[in-house]
Amino acid sequence: MAALRPSLAEAEAEAERRVRAWASGQRSRGRRVALVTSGGTQVPLEARAVRFLENFSSGRRGAVSAERLVAAGYGVCFLHRARSAFPWARALPPPGPALLDLLSVHGREEGAGARVALDPRALPGLVPALLAYSRAKDDGALLALEFTALDEYLALLRAAARALAPLGSSAMFYLAAAVSDFYIPASEMPEHKIQSTDGPLQITMKMVPKMLSPLVKEWAPEAFVISFKLETDPSILIIKARQALEKYRHQVVIANLLESRRTAVVVVTKDSETQLSLSNEEVSQGMEIEDKIVNYLEAQHRSFMEK
Ligand code: 9Z3
């Protein structure tokens with residue numbers, strides 16, 4: 001891809017410094033570290049962008065996994081799409097009437113005397129989430145980095161990967177973000193808003209280079225790397241996951257289908273295929289598929305480090 005915008009190059013250098021300092025703190029506490037990527041990337045169609053190519057990802061997989069990884073003793077660098085699901089904050093309803101209706105004002109109607117209250121009985125998951133969040137915060141166990149555009153994501157991933165490389169095999173990369181496969185290079189992008197008076201729109205997009213290749217070969221060659229493969233056609237899911245493993249030679253691909261991704265995944269490694277799924281009973285008990293994914297990967301990571 002083309003050279004980075006100067007501001008983006010600075011943001012990348014700054015992110016690398018921040019992650020490096022945070023990671024050395026995690027190491028001195030004896031913690032393993034996971035880089036979790038989460039949410040979808042945004043691809044502009046114009047330089048002064050009015051329109052964008054987006055995807056479906058809500059960031060829930062990444063957010064829940066980050067919570068579970070922290071609970072399993074990891075320090076988590078959470079590289080996420082701005083305003084997508086955030087660890088523990090997902091216990092709250094999104095901004096809108098459901099959130100406003102939970103809140104009530106007490107005391108003086110306006111000014112410093114007013115207090116805002118929320119009855120925790122209305123949201124039973126909130127208190128445990130707030131307690132877990134404040135523990136993670138006090139322990140410095142979560143470092144959040146935010147992206148919106150595809151190029152921001154790529155720059156931050158590279159920065160974080162380089163900064164975590166010194167941790168060797170104790171670093172896990174958990175690449176759950178839904179990254180666009182297509183983009184328009186800056187040199188080919190119209191500057192101004194595309195005019196509808198010019199008639200129907202035809203655009204040609206270039207392929208986004210796969211970051212797994214430099215990640216595995218150059219940036220963090222000793223790390224334990226997990227990528228995700230999403231498909232809508234079940235008949236090609238495992239074939240595609242295997243192709244990715246053979247091509248990039250990393251450790252694990254988590255294969256999932258769009259519709260069933262909340263309740264079933266297949267963990268694919270060089271010599272195994274393990275189905276993880278939630279029964280109706282487990283769903284009704286509030287269990288999430290990420291409980292099983294993180295549990296499974298934590299053990300795999302431990303044996304990877306021992307080797
Ligand atoms: C995933 O497959 C994630 O599990 C989901 C999670 C994005 C489906 P949500 O954010 O969904 O909880 O709503 N992520 C990777 C998707 C992807 O684009 N993978 C690339 C591919 O399939 C490989 S890097 O080609």
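The values are calculated or read from the model by the stated rules, or taken from the named source; none is laboratory data. No experiment lies behind these values; they were computed from the predicted model shown. FYI the Cβ positions are ideal-geometry reconstructions off the backbone, even for glycines, and counts take in every protein chain you see. Surface areas here come from the heavy atoms of the whole protein model, side chains and all, with no ligands, DNA or RNA. Shrake-Rupley method; radii C 1.70, N 1.55, O 1.52, S 1.80 Å.
Looking across Leu157, Leu167, Leu145, one residue alone is assigned to a helix (DSSP H, G or I) and under 13 Å from the mean Cα position of the chain (by Cα). It is Leu157. Total residues in segment 90-100 satisfying the condition of being touching a helix residue (DSSP H, G or I) at 6+ places or on another chain (Cβ under 9 Å), open to solvent by 50 Å² or more (accessible area, probe 1.4 Å) and away from the ligand (no atom under 14 Å from the Cβ): the figure is 1.
Restricting to helices (runs of 4 or more DSSP H) lying wholly in segment 1-116: which have 1 or more residues that are modelled with pLDDT under 95 and either over 27 Å from Ala149 (Cβ atoms) or out of contact with any Leu (no Cβ under 9 Å at 6 or more places or on another chain) (or both)? Please lay out each step first, then the result.
Values: elements: 6-28, 60-71, 97-100.
In segment 1-116, 6-28, 97-100 are the helices (runs of 4 or more DSSP H) which contain 1 or more residues that are modelled with pLDDT under 95 and either over 27 Å from Ala149 (Cβ atoms) or out of contact with any Leu (no Cβ under 9 Å at 6 or more places or on another chain) (or both).
The combined condition, being open to solvent by 60 Å² or more (accessible area, probe 1.4 Å) and either within 11 Å of the ligand (Cβ to nearest atom) or under 23 Å from Phe182 (Cα atoms) (or both), is fulfilled by Lys210. Counting only residues that are without any contact (Cβ under 8 Å) to a residue 12 or more places away in the chain and either loosely packed, with under 12 Cβ neighbours inside 10 Å or more than 13 Å from the ligand (Cβ to nearest atom) (or both), segment 217-238 holds 4 of them.
Evaluate segment 170-178: report whether one residue or more is in a helix (DSSP H, G or I), under 30 Å from Gly73 (Cα atoms), away from the ligand (no atom under 14 Å from the Cβ) and at pLDDT 95 or above. Yes: segment 170-178 contains one or more residues that are in a helix (DSSP H, G or I), under 30 Å from Gly73 (Cα atoms), away from the ligand (no atom under 14 Å from the Cβ) and at pLDDT 95 or above.
Tell me the residue from Ala34, Ala63, Ala82, Ala9 that is more than 16 Å from the ligand (Cβ to nearest atom) and either surrounded by 12 or more Cβ atoms within 10 Å (Cβ to Cβ) or more than 20 Å from the chain's Cα centre (by Cα) (or both), please.
Ala9
Within segment 175-186, residues that are open to solvent by less than 30 Å² (accessible area, probe 1.4 Å) sit with their Cβ atoms under 6 Å from residues that are among the charged types (D, E, K, R) and within 6 Å of the ligand (Cβ to nearest atom), at 6+ positions apart or across chains, in these pairs: Ala176/Arg61.
Scanning segment 248-280 for residues that are surrounded by fewer than 12 Cβ atoms within 10 Å (Cβ to Cβ) and within 13 Å of the ligand (Cβ to nearest atom) yields Leu258, Glu259.
Each residue in segment 46-60 was checked for being within 19 Å of Phe182 (Cα to Cα) and open to solvent by less than 20 Å² (accessible area, probe 1.4 Å), and 1 of them qualify.
When Arg135 is tested against (1) modelled with pLDDT of 95 or more; (2) touching a Lys or Arg at 6+ places or on another chain (Cβ under 7 Å), just one condition goes unmet, and that condition is (2).
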